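What follows is calculated from the coordinates using simple rules that are stated; it is not laboratory data. Bear in mind that the values here come from a model prediction, so they are computed numbers and not experimental data. Glycine gets a Cβ as well: all are built from the backbone with ideal geometry, and neighbour counts include every protein chain shown.
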Amino acid sequence: MKQKTFEQGPIRPPSEAGSLLFRFTRNCPWNRCTFCPVYKGKQFSRRSLEEIKGDIDSAAEIYQEIRAFSSIQGHGGSVTREVLEAVFSTARFNDFHRQVALWLYMRKGSVFIQDANSFVLPAPVLAEAIRYLKRKIPGIGRITSYARSSTLAKMSVAELEEIRKAGLDRIHIGMESGSDRVLKLVQKGVGAKGQIEAGKKVIEAGMELSEYFMPGLGGKELSEDHARESARVLNEINPHFIRLRSLRIPSRVPLFQDWQSGRFTALSDDETVVEIRLFVSLLDGISSRVISDHIMNLLEEVTGKLPEDKQAMVAVMDRYLALPGEEKLLFRLGRRGGGLRSLDDLNDPRTRQRLQLAMNELTSETDGDLEKLIKELADQYI
């Protein structure tokens, strides 16, 4: 599985459900995408600054409680492994205490503001919430948030600068595609022009920018347009990071019905690699870092800094595509099962032997239908 880093936002009080900035009940008006299950059927409403500060106060109290517990344990307020284990095994501490303790133990100082679009809050409100967070909880370094291009494009650079100066220094945008045809297909609510405008404003405001590209989102019908237009848009933005998140279609997402009915033709793993190869080959004139650090991506090795690592990334995909059919199947089974991280892992004799035995057994158990099993293994990570 993907190696995780702890980037936890302020802990919500046990008595309240939801997230730091917003409540959700039904119908999310800004996240209409047909492939996204996260906010479907949930209604959006803003939380007041007073509520947000109340949650931060609760998190700060938990922070101080953990530090005091550490001192009583003889660790001087530091969260060592022994203190962390004690917090996790002490009945009076709940999940919120455990999350804060883990945040302190990791010593990263990173905070991720939850929700898909924190920037729908007025800039002064969001800036004040961030300043208050930094005042109340010591040791915070980088603060990151998700945002939508449709919202950011309507904001001024001055508003974004106000938020950046308050302490929010990295934004993740789920671009998914730069193709107007694909964006319309999935009801993204923004076009390529808006994606470009939003991305440029974030960079001009002095924030780091991660843009997410979703291979496979256009299906077979729009695969080439999806790859070409997404590369074009990102070439204009030049984000700090380009993150790959290959499309999966579990039964709970609206796009599943289109796929089942034949209105959408999903790409195979091999076709997805071909699409990513085209996409990467068209990235030009930018200094972004491409990152493929998720189990939904077949080839985690497609990672590197542009332009110097471009050919190496293309070479990884060419190497995979040149494998014989059975070798591809063996690698895909191992990768989707969480046992492989690179093509070179197949060269390890013991790993290869275990995979071969597993594939033989599973082929027998599934009557030769390994494709269905591989899909189920991949979907479990969504």
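Tabulated results
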item: Under 13 Å from K305, Cα to Cα: aspartates and glutamates that are on another chain or at least 8 residues apart; result: D284
item: Order by protection proxy (mean Cβ within 10 Å, highest first), peptides 349-359, 63-73, 267-277; result: 267-277, 63-73, 349-359
item: GNM flexibility winner over the chain from D57, D369, D318 (Cα, springs under 10 Å); result: D369
item: Proximal aspartates and glutamates to K165, defined as alpha-carbon separation beneath 12 angstrom and excluding residues fewer than eight positions away on the same chain; result: E128
item: Computed [θ] at 222 nm, helices only, for the chain once each DSSP H run of length n ≥ 4 contributes -39500 (n - 2.57); result: -14500 deg cm²/dmol
item: Antiparallel DSSP beta bridges within the chain, percent to nearest 5; result: 20
item: Placed amide H near E208: partners under 5 Å, 5+ positions off or other chain; result: R170, I171
item: Computed magnitude of the charge dipole of segment 148-322 (debye, nearest 20; Cβ of K, R +1, Cβ of D, E -1); result: 460
item: D57 paired with Q311, simple spin-label distance in nm, labels 7 Å along Cα-to-beta-carbon; result: 6.2
item: Matching label, Rg/Rh (Cα atoms, Kirkwood Rh) computed from the structure shown, candidates [x] 0.96; [y] 1.08; [z] 0.99; result: [z]
item: FRET efficiency, A68 to R341 (Cβ-Cβ, R0 51 Å, nearest 0.05); result: 0.80
item: Distance (nanometres) between label positions extended 7 Å along Cα→Cβ at D293 and S78; result: 2.5
item: Gain in span if fully extended, R263 to L362, counting 0.36 nm per residue against the direct Cα distance; result: 32.5 nm
item: Ordering of 297-303, 184-190 by burial proxy (mean other Cβ atoms within 10 Å per residue, highest first); result: 297-303, 184-190
item: Gain on full stretching of the segment that runs from Q353 to K184 - 0.36 nm per residue minus C-alpha separation; result: 56.2 nm
item: Cα-projected label distance for Y381 with K108, points at 7 Å along beta-carbon direction, nm; result: 1.7
